[in-house]
Ligand SMILES: Nc1nc2c(ncn2[C@@H]2O[C@H](COP(=O)(O)OP(=O)(O)OP(=O)(O)O)[C@@H](O)[C@H]2O)c(=O)[nH]1
Ligand SMILES: [Mg+2]
Ligand SMILES: [Zn+2]
């Protein structure tokens, strides 16, 4: 018999799946030999959030994944820097909840990388600034972030009152699948537990020596909250090596200004009548932001060259 399943966890070539028609029926699964033969990259294998076709006898606790259904969205990065191969963090997600803690982790540059990857994968980014209770300038950081990303929703969160929980539950109640991502120790699993209303994910204190997380979450995991939708908790990421980036869509302010440059292919570095550089001179655009944009643009061009070469 064949069934539709949803991939909840993945560990090497072993998967936990549930039935699409009954989320409480859990099975362990491996991919079929045929899939292994035809897969040409890690991205061809099932990933957390995927809908899969299962061969299952309706009784045993094990099934075989025969096919991965077409993904409506995916969040990817370069998994192995030596080969440049794409790794999928999650599939079929609606929202990427990019978590940054306000004590030591805050970085608009990091946010831009996650946002660029999300937008490239068809995912709506939302930023959560966590640990507002530890940051005296939390409100200022919130405004700074909102200004940098005028089209992106920014939530502020803090223990123990967890003000972001209701907004996240509202998204889930609309049936959204939300992946929580960010550096280790920023409080992703703490927030996941608060949204679920029970302690499902392990959490642990950050190191006192350098304020970094301990990589407590080690596997990506899809969970079904009572309020609807789905949550994907992910392990903290050290670096986000971009595999695909929607840079223009991330820097909407710069893209708007660029439409007023004299040359339509202006690189905003040396051309005359550049509206972007003029905005910097007039104090309307942050020079640091422009420099980050130019750096990501270069990275995007390099990625595109690589992709053309491998085709
Ligand atoms: N003060 C304060 N501490 C928080 C807040 N959110 C999380 N923490 C603490 O931060 C530590 C790390 O939280 P986790 O939820 O384990 O972090 P994580 O992002 O899941 O980390 P990894 O699983 O390693 O990626 C825990 O000790 C939490 O109690 C917050 O808003 N304020
Ligand atoms: Mg965690
Ligand atoms: Zn220009």
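Taking region 1-115 as the region of interest, the strands (runs of 3 or more DSSP E) fully inside it that hold 2 or more residues being over 30 Å from residue 297 (Cβ atoms) and out of contact with any helix residue (DSSP H, G or I) (no Cβ under 9 Å at 6 or more places or on another chain) are 2-11, 14-19, 22-31, 51-55, 62-68.
Yes or no: region 197-212 includes at least one residue that is outside the structural domain of residue 25 (by TED's automatic domain parsing) and within 15 Å of the chain's Cα centre (by Cα). No, that holds for no residue. Is it fair to say residue 125 is more than 16 Å from ligand 3 (Cβ to nearest atom) and part of a loop (DSSP other than H, G, I, E, B)? In short, no. Just give me the residues in region 190-215 being crowded, with 18+ Cβ neighbours inside 10 Å and at pLDDT below 95, in sequence order. Within region 190-215, 206, 213 qualify.
Report whether or not residue 250 is more than 15 Å from ligand 3 (Cβ to nearest atom) and under 16 Å from residue 299 (Cβ atoms). In short, yes. So, residue 219, is that one within 16 Å of ligand 3 (Cβ to nearest atom) and either in contact with a helix residue (DSSP H, G or I) (Cβ under 6 Å, 6 or more places away or on another chain) or part of a loop (DSSP other than H, G, I, E, B) (or both) or not? So residue 219 fails the test.
The residues of region 206-222 that are away from ligand 2 (no atom under 12 Å from the Cβ) and without any contact (Cβ under 8 Å) to a residue 24 or more places away in the chain, listed by number, are 207, 208, 209, 210.
The values are calculated or read from the model by the stated rules, or taken from the named source; none is laboratory data. Predicted model, so just to flag it, every value in this text is computed and none were measured. Note that we place each Cβ from the backbone using ideal geometry, even for glycine, and neighbour counts take in every protein chain shown.
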